[in-house]
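The values are calculated or read from the model by the stated rules, or taken from the named source; none is laboratory data. Nothing here was measured: the structure is a model prediction, and the numbers come from that model. Cβ: placed from backbone, ideal geometry, glycine included. Neighbour counts: every protein chain shown.
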Amino acid sequence: MTSPQARRPIVAANWKMNTGPDDGAQLARAVSAEDLPLAQVEVVLCPPATGLTSVAEAVEDSPIAVGAQHVYWESSGAFTGEISVPMLTGLAAYAITGHSERRQLFGESDLDVRRKTLAILSGGLTPIVAVGESLDQWDAGETLAVLRSQVTQVFDVLSPEQTAASVIAYEPVWAIGTGRNASPEQAQEAIGWIRDTVAACQGRPAAERVRIQYGGSVSPDNCDELLSRDGIDGALVGGASLDAAQFAAIVRAAVP
């Protein structure tokens, strides 16, 4: 069984719809210039699609990885505006799927997340599968049921090896961009539920190997307490990732 200490933490920057090719490259260079513990923490930068090439070039001599914010599950075809996994060859090593904004604003369903996760894995990339409950679901005490459903929809169809190679991001929807975040105890409990659900799908060994991040208004002010909790294997960072110094502080807090 893999111990929490054996899971290398991963901190991913989701720049969302911010930065173009030039300022994205500038931000990537600023991040790489920080004194980051890259031997201990994996760092991923996820710019908008238009910045993937420039950001990949900016960090090509660094261990910092690049990720896509969104992909489509088909490899090619008449899908105007979409980006397929094969199009990311040489540019990205990761791809986010299931982010709450994709679910809420663009109607991305659990089935869509499953299809995209399979496509990401089939294309040789690592998925960052985001799951989380809404404020209404949180208030109604439905968090466990929602997480079980979202996790099962994806991980029931993967192999144990694919499961272990994936990353999961727990992001309570009510904490995305609101300045509110789950308490360390709440985040740790929810991530424990997620790991137990993965174990029910693909076995405890795979569940102990999969890395589970926390996402939701992570900042230098709260990262130490959040990331010091057992079972929380890093963070998916939104707004704070647009500032190199703030993002670097979060990366340092993830050191085991």
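Some points to look at:
- Taking (1) surrounded by fewer than 18 Cβ atoms within 10 Å (Cβ to Cβ); (2) closer than 19 Å to Val146 by Cβ; (3) modelled with pLDDT of 90 or more in turn, Arg180 satisfies each apart from (3).
- For the stretch 7-23, the set of residues classified as farther than 22 Å from Ser217 by Cβ and under 19 Å from the mean Cα position of the chain (by Cα) consists of Arg7, Arg8, listed by residue number.
- The set of residues in the stretch 157-176 being among the hydrophobic types (A, V, I, L, M, F, W, C) and either free of Cβ contacts under 8 Å to residues at least 24 places away in the same chain or in a helix (DSSP H, G or I) (or both) consists of Ala164, Ala165, Val173, Trp174, Ala175.
- Look at the stretch 117-134: where a residue is under 23 Å from Gly90 (Cβ atoms) and modelled with pLDDT of 95 or more and a partner is basic (Lys, Arg) and outside any strand (DSSP E or B), sitting 6+ places away or on another chain with Cβ atoms under 8 Å, you get Pro127/Lys116.
- Residues of the stretch 154-174 that turn out to be out of contact with any strand residue (DSSP E or B) (no Cβ under 7 Å at 6 or more places or on another chain) and under 19 Å from Glu208 (Cα atoms), as a count: 10
- Among residues of the stretch 128-143, those that are part of a helix (DSSP H, G or I) and among the hydroxyl-bearing types (Ser, Thr, Tyr), counted: 1
- Only one of the numbered conditions (1) touching a residue at least 12 places away in the same chain (Cβ under 8 Å); (2) under 24 Å from Lys16 (Cα atoms); (3) surrounded by fewer than 24 Cβ atoms within 10 Å (Cβ to Cβ) is not met by Asp221, and that is (1).
- Criterion (part of a helix (DSSP H, G or I), of a type outside the set (Ser, Thr, Tyr) and in contact with an Asp or Glu (Cβ under 8 Å, 6 or more places away or on another chain)) met by exactly one of Val151, Val113, Val146: Val146
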